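All of the numbers you see were taken from the coordinates with simple rules; none came from a lab. For clarity, every value in this text was computed on a predicted model and none was experimentally measured. When we count neighbours, we look across all protein chains shown, and the Cβ atoms used for this are built from the backbone with ideal geometry, even at glycine.
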Amino acid sequence: MAITGRCHCGGVTFTAEMLPPISLTACTCSYCAARGALYAYLAPDAFVPDAKTDAVYRWNTRLVEHHFCAACGCATWSDSPAFARDGAWDGVTRRIGLNARLIDDYDAGKAIVETIDGRNLW
C-alpha cells in the first residue's frame with residue numbers, strides 16, 4: 001500500500017510503500033527532541049521523496065541526514081543507520097525515519113509511541 005504526505009507548504013512531498021503505521025518512535029537525542037518528529041521506519045527503497053525545497057542537516061558523527069523543508073521548516077525524514085535498540089549497527093544497513101505527522105489522512109496522535117533513549121545510545 002502506498003501512503004503519501006507533505007510538509008506544511010507542499011515543497012516536500014513523498015510516497016512510501018507501507019501500511020499506515022500502528023506504532024511510532026520518539027527519539028530523545030538532542031536534535032530529535034528539539035525537532036519533535038514521531039518516526040515511522042521503512043527501507044530506503046520503499047521511500048520516494050519529491051523534495052523541491054529539501055534541505056539537510058548533519059551533526060556530530062554525520063551518519064544521519066536530517067531532511068527538512070527549506071521553505072516552511074517542517075522536519076520531513078531522516079536517512080540513518082538502522083541502529084538496533086541498544087545502539088548497535090552492522091555498518092551497512094540504513095533506514096528512513098519518516099515524520100509520521102506529515103502523512104496524509106493519518107493522525108499520529110492516535111498511534112502507540114515508543115520512546116528510545118537516543119540521548120545516551122549514540
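Between residue 113 and 24, the built amide H atoms are under 5 Å apart, and every one of these is 5 or more places off in sequence or on another chain. Across the stretch 115-121, rounded Karplus estimates of 3J(HN,Hα) from the backbone phi angles (6.51 cos²θ - 1.76 cosθ + 1.60, θ = phi - 60°) give 9, 10, 8, x, 4, 10, 8 Hz, Gly and Pro being marked x. Residues with amide H under 5 Å of residue 95's amide H, sequence separation 5 or more or different chain, H placed in the peptide plane at 1.01 Å from N; which? Long-range HN contacts for residue 95: 80, 82. Size descriptors for the stretch 42-92, from the alpha-carbon set: Rg then Dmax equal 12.4, 35 Å.
Grab the DSSP H runs of the chain that are 4 residues or longer, score each as -39,500 (n - 2.57), total them, divide by all residues and round the 222 nm result to the nearest 500 deg cm²/dmol. Don't skip to the end; give the middle numbers.
On the way: 2 runs with 10 residues, N = 122.
So the helix-based figure for the chain works out to -1500 deg cm²/dmol.
In terms of overall dimensions, the chain has a Cα radius of gyration and Dmax of 13.5, 37 angstrom.
In debye, nearest 20: dipole of the stretch 2-121 around its Cα centre with unit charges on the Cβ of K, R (+) and D, E (-)? About 340 debye.
So for the stretch 70-111, averaging the separation of alpha carbon pairs under 8 Å that are six or more residues apart and normalising by length, what relative contact order in percent results? Numbers along the way, then the final one.
Working: 36 pairs, mean separation 14.5, N = 42.
Rounded, it is 34 percent for the stretch 70-111.
Note: relative contact order over the stretch 33-115, using C-alpha pairs below 8 Å and six or more positions apart, is 31 percent. Coupling constants for the stretch 13-18 follow from the phi torsions by the Karplus curve (6.51 cos²θ - 1.76 cosθ + 1.60, θ = phi - 60°), and in residue order they are 10, 8, 10, 9, 7, 6 Hz; glycine and proline get x.
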